[in-house]
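Encoded as structure tokens, the structure appears first; notes follow it.
Taken together, the values in this text are just the output of simple stated rules run on the coordinates, not laboratory data. Since this is a predicted model, take the numbers as computed values, not measurements. Note that each Cβ is placed from the backbone with ideal geometry, even for glycine, and that neighbours are counted across all protein chains shown.
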């Protein structure tokens, strides 16, 4: 499956990314010879993107503190969040029903209520790397659910781009039905599996601020 980035920042870079199947096994970032560049992130798997950039041990406490504060802010806005990678990465989850009508790839008018809490994180270029990871249940063919989640992920990216926010480090993924939270054997379970996951990963600017002891 190939997802072409055809608008805004994506067109300007003239890059495309392979939309890969989801994996929750993080890559061993320590084995990399160099940190990925901005264009590299569009060629990487979710696991590779989640595991990079590597936070130096001496700066880890400052990064984790910043992420905990941002997670608390998102929770206060009603967004379910958790921390992973030893507290360095925020994972926020939004039910698809709050964003899209059934089988639609166009955002609801009310979708902004769920997406707006993330906008402060996109006002400073390079502060975060953001993964937009869309999931579905197994209703329909594999080709259909893969295409649906790809298009939905792209719609979310375009919403942020439409606000003139920095989306240069925002990477969309369509995961189809490959990573269910629950067994797809009931209406309730299928509803839980249809979701958007937003990964907020420390970016180069945050790392630089941590080195200088200047994280706000």
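Treating each Cα of the stretch 88-185 as one equal point scatterer and applying the Debye formula with no solvent, the log10 of I(q)/I(0) at q = 0.18, 0.20, 0.21 Å⁻¹ comes out as -0.85, -1.03, -1.11.
So how do 60-69, 43-52 stack up, highest first, on mean other-Cβ count within 10 Å? Intermediate results must be reported in sequence, preceding the final value.
Details: 60-69: 16.7, 43-52: 20.4.
Descending mean neighbour count gives 43-52, 60-69.
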